[in-house]
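Participant: Can you read through this structure? Questions will come right after.
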Amino acid sequence: DGGITQSPKYLFRKEGQNVTLSCEQNLNHDAMYWYRQDPGQGLRLIYYSQIVNDFQKGDIAEGYSVSREKKESFPLTVTSAQKNPTAFYLCASSIGSGTKNIQYFGAGTRLSVL
Amino acid sequence: SQKIEQNSEALNIQEGKTATLTCNYTNYSPAYLQWYRQDPGRGPVFLLLIRENEKEKRKERLKVTFDTTLKQSLFHITASQPADSATYLCALYNAGNNRKLIWGLGTSLAVNP
């Protein structure tokens, strides 16, 4: 089945620790995105990548980092600099952000702080 | 700044009735407007897309209208069912906006049996 796989489903971070959220897609999509969703705040864009080996900051990139070494993979690292990391993190992909940009989402990772 | 507004209050309707959700926007000229469904603890799922030069789009029990003069889209679910209960998000896209989607906060719909 084609789709986007996020792992883990639940993740706990200790203070001062970096954690990495995985996102893999087998849709052959060029563009990939990371969003953060908090209650009452909707989807906020953290980082996005339109092509392999290239990515841009979104609206709330501080405290996060990404890489795009392979077309299928777009991992997100939540660094210790992110002081309020507790949230629901969603990864998405689209055929190309130059088209209609219909986005396909994974099931999400819920990150909590211990 | 660009802004999207959706009904902040949850919408409760009886099964079989038509649900109507609203998406208003300001300071933006979208080329496309999209509607997604999100269930609790899950990622959004794409439902329908409408272009700026289209007034209406239908898919089974779903209908979307787009009025660029009023800067408003209406999303209708006819013959609603309890399984339609979810949060519905609208999103705007214009290739000039760094190719990003602009998202509304969503409206929660509850269909009561």
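Each value in this text was obtained by applying a stated rule to the coordinates, not by laboratory testing. Note that the structure is a prediction, hence the values are computed from the model and not measured. Note that we place each Cβ from the backbone using ideal geometry, even for glycine, and neighbour counts take in every protein chain shown.
Participant: Dipole of segment B:29-87, Cα-centred, from +1 at each Lys and Arg C-beta and -1 at each Asp and Glu C-beta, to the nearest 20 debye?
Facilitator: Numbers: 10 positive and 7 negative charges, 15 e Å.
It comes to approximately 80 debye.
Participant: So, with +1 on the Cβ of K and R and -1 on the Cβ of D and E, and no other charges, what is the size of the charge dipole of chain A about its Cα centre, to the nearest 20 debye? Before the final figure, lay out the partial values.
Facilitator: Details: 12 positive and 10 negative charges, 49 e Å.
Roughly 240 debye, rounded to the nearest 20.
Participant: Continuing with this model, one more query. Under the definition of partner shielding as Cβ atoms of other protein chains within 10 Å of a residue Cβ, what is the mean value for peptide B:42-50?
Facilitator: On the way: counts 6, 15, 9, 3, 7, 0, 1, 3, 0.
For peptide B:42-50, the averaged partner shielding equals 5.
Participant: If you don't mind, another one. Specify which residue in the list A:Thr109, A:Ser73, A:Ser49 is farthest towards the positive end of the charge dipole of chain A, using unit charges on the beta carbon of Lys, Arg (+1) and Asp, Glu (-1), about the Cα centre.
Facilitator: Comparing the listed Cα positions along the dipole, A:Thr109 ranks first.
Participant: Give me the percent relative contact order of chain A, please, defined on Cα pairs under 8 angstrom at least 6 residues apart. Working shown, then result.
Facilitator: Working: 293 pairs, mean separation 39.8, N = 114.
With pairs under 8 Å counted, the relative contact order is 35 percent.
Participant: Straight-line reach from B:Lys57: which lysines fall under 28 Å, measuring Cα to Cα and dropping same-chain residues less than 8 apart?
Facilitator: Of all the lysines, those that pass the test against B:Lys57 - Cα under 28 Å, at least 8 places apart if same chain - are A:Lys100, B:Lys3, B:Lys17, B:Lys71, B:Lys100.
Participant: Looking at the protein assembly as shown, send over the antiparallel percent of its DSSP beta bridges, to the nearest 5.
Facilitator: Here the antiparallel bridges make up roughly 90 percent for the protein assembly as shown.
Participant: If you wrap the protein assembly as shown's Cα atoms in a convex hull and average its projection over all directions, what's the area in nm²?
Facilitator: 12.8
Participant: Moving on. Around B:Glu60, under 15 Å between beta carbons, what's the net of Lys plus Arg minus Asp minus Glu among the other residues?
Facilitator: In short, +4.
Participant: Peptide B:101-113: average number of partner chain Cβ atoms within 10 Å per residue? All intermediate terms of the calculation are to be shown ahead of the outcome.
Facilitator: Numbers: counts 11, 2, 7, 2, 4, 4, 0, 0, 0, 0, 0, 0, 0.
Partner Cβ neighbours, averaged per residue: 2.
Participant: Take chain B, compute every pairwise Cα distance, and split them into 10 Å bins from 0; I just need the percent in each bin.
Facilitator: Computed distribution, short to long bins: 15, 49, 30, 6, 0.
Participant: Which one, A:Leu43, A:Leu76, A:Leu21, has the greatest fluctuation when you compute a Gaussian network model over chain A with C-alpha springs under 10 angstrom?
Facilitator: Checking each option, the largest mean-square fluctuation is seen for A:Leu43.
Participant: Be a star and scan segment A:30-51 for residues whose amide nitrogen sits under 17 Å from the point 7 Å along the Cα-to-Cβ vector of B:Gln2.
Facilitator: So the set is A:32-36, A:42-50.
Participant: To continue, here is another question. Under Stokes-Einstein, with the Kirkwood radius over Cα pairs standing in for Rh, what whole-number D in µm²/s applies to chain A at 25 °C and 0.890 mPa s? It would help to have the intermediate numbers written out before the result.
Facilitator: Details: Rh = 14.0 Å.
Diffusion coefficient, whole number: 176 µm²/s.
Participant: Whose amide H sits under 5 Å from the amide H of B:Leu47, counting only residues 5 or more places off or on another chain, with H placed in the peptide plane?
Facilitator: Here the answer is B:Trp35, B:Tyr36, B:Arg37, since their amide H atoms fall under 5 Å of that of B:Leu47.
Participant: Something else about it: Using unit Cβ charges (K, R positive; D, E negative) and no other charged atoms, how large, in debye to the nearest 20, is the dipole of segment A:58-112 about its Cα centre? Please report the intermediate quantities before stating the final value.
Facilitator: Numbers: 6 positive and 4 negative charges, 24 e Å.
Result for segment A:58-112 is approximately 120 debye, rounded to the nearest 20.
Participant: Once the other residues with Cβ under 12 Å from the Cβ of A:Gln6 are scored (Lys, Arg +1; Asp, Glu -1), what is the net sum? If you can, show how the numbers build up before the last one.
Facilitator: Values: positive: A:Lys9, A:Arg110, B:Arg42; negative: A:Glu24.
That sum, taken over residues with Cβ under 12 Å, equals +2.
Participant: Then there's this: List the relative contact order of segment B:1-91 as a percent without decimals, with contacts defined as Cα pairs under 8 Å and 6+ residues apart. Write down the numbers at each step before the final one.
Facilitator: Details: 170 pairs, mean separation 30.9, N = 91.
The value is 34 percent.
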